[in-house]
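The values are calculated or read from the model by the stated rules, or taken from the named source; none is laboratory data. Worth saying up front: this structure is predicted, and the values here are computed from it rather than measured. Reconstructed Cβ throughout: ideal geometry from the backbone, glycine too, with neighbour counts over all protein chains shown. The accessibility values were calculated without ligands, DNA or RNA, using every heavy atom of the protein model including side chains. Shrake-Rupley method; radii C 1.70, N 1.55, O 1.52, S 1.80 Å.
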Amino acid sequence: TTLDWLEAYLRMEDLLGGFANRFIYVPGYETPRVAWPQERNVDHIVGFCRDVVAWVRKEERLYDGSAGARALWNDWYVAWETVERLPPFDVVLKRVPAHVRKFAVLYAVLDGSTTVETEHMDAAIAVGGYMAEAATQVFTSISFQNDVRFETKILAILRDCGEIRRSELHQRLSGRMRGDVLDRILRGLSANDRVTLGVNIDGHKVVKLGVV
């Protein structure tokens, strides 16, 4: 797809709700059109994939990591989780660790190994770094400035008070945001567990700080 298409059809609610972080982004450039493309021989790739599938089907197994792979993963994961990322990148990059684990297992399978070894984890972590850089490049190019600005302000308000009535929150935002836009952003934050939406004993809608 193109950045223009992504920006036109991806809603901020989808982004904050975690939909966008389920994909791996691979930026590229349009190449010259080829009128008569040369047919490529992929028989060796197809044959290799068939052999891998046949080997996997012989026995179901759970993949564990070697001591080296576990140590490598632990160091990388702790370092990754200690980085504070600003919106929307905190949500966009949230699933990178999960993708790294999956790639580590995939590399082990393609290598014919029954254990995730250090080299498999090392390669997967390198892919994770690429995924993070690519997604950052893509979403830096997309302008969600207004929604991100309001989201940041909402979270700052909730950090101070912990809980607030929706009507008061709207007032604190200077009333410059339409009610439906506020509800859309709150739903996105709620879907990602960053806020909790509810009703107090007086029947008023309230917003509470979630996992930030």
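When the residues of the range 47-70 are filtered to those that are open to solvent by less than 50 Å² (accessible area, probe 1.4 Å) and part of a helix (DSSP H, G or I), which remaining residue is nearest to residue 110 (Cα to Cα)? Top of the filtered list is 52.
Looking across the range 196-207, the residues that are at pLDDT 90 or above and among the β-branched types (Val, Ile, Thr) come down to 196, 199, 206, 207. Here residue 172 passes the criteria (1) open to solvent by 70 Å² or more (accessible area, probe 1.4 Å); (2) modelled with pLDDT of 90 or more; (3) over 28 Å from the mean Cα position of the chain (by Cα) except the one numbered (2).
Scanning the range 175-195 for residues that are open to solvent by less than 70 Å² (accessible area, probe 1.4 Å) and more than 15 Å from residue 11 (Cβ to Cβ) turns up 175, 177, 179, 194, 195. A count restricted to the range 89-123 and to residues that are over 14 Å from the mean Cα position of the chain (by Cα) and either among the hydroxyl-bearing types (Ser, Thr, Tyr) or in a loop (DSSP other than H, G, I, E, B) (or both) stands at 8. When 117, 163 are screened for being within 30 Å of residue 51 (Cα to Cα), in contact (Cβ under 8 Å) with a residue 40 or more places away in the chain and open to solvent by 10 Å² or more (accessible area, probe 1.4 Å), only 117 passes.
Is it the case, given these coordinates, that residue 30 is farther than 18 Å from residue 141 by Cβ and of a type in the set (Asp, Glu)? Full working, then the answer.
On the way: farther than 18 Å from residue 141 by Cβ: no; of a type in the set (Asp, Glu): yes.
No, not satisfied.
Listed by first and then second residue, the pairs linking a residue in the range 67-95 that is modelled with pLDDT of 95 or more to a residue that is assigned to a helix (DSSP H, G or I) and open to solvent by 50 Å² or more (accessible area, probe 1.4 Å), with Cβ atoms under 8 Å apart and 6 or more places separating them unless they lie on different chains, are 68/118; 69/118; 72/118; 72/122; 73/101. In this structure, residue 134 does satisfy being touching a Pro at 6+ places or on another chain (Cβ under 8 Å) and surrounded by 14 or more Cβ atoms within 10 Å (Cβ to Cβ).
Being more than 17 Å from residue 209 (Cα to Cα), of a type in the set (Gly, Ala, Ser), exposed (fewer than 15 other Cβ atoms within 10 Å of the Cβ) and at pLDDT 85 or above: is that true of residue 129 here? Spelling it out, residue 129 is indeed more than 17 Å from residue 209 (Cα to Cα), of a type in the set (Gly, Ala, Ser), exposed (fewer than 15 other Cβ atoms within 10 Å of the Cβ) and at pLDDT 85 or above. The residue pairs whose first member lies in the range 14-31 and is within 18 Å of residue 187 (Cα to Cα), whose second member is of a type in the set (Gly, Ala, Ser) and open to solvent by 60 Å² or more (accessible area, probe 1.4 Å), and whose beta carbons are closer than 6 Å, counting only pairs six or more residues apart or on different chains, are 17/191.
Any residue in the range 17-35 that is in contact with a His (Cβ under 7 Å, 6 or more places away or on another chain), β-branched (Val, Ile, Thr) and open to solvent by less than 100 Å² (accessible area, probe 1.4 Å)? Lay out the reasoning, then the answer.
Taking the range 17-35 first, the residues in contact with a His (Cβ under 7 Å, 6 or more places away or on another chain) are 24.
Going one step further and asking which of them are β-branched (Val, Ile, Thr), we end up with 24.
Checking the rest, the ones that are also open to solvent by less than 100 Å² (accessible area, probe 1.4 Å) come to 24.
Yes: one or more hits.
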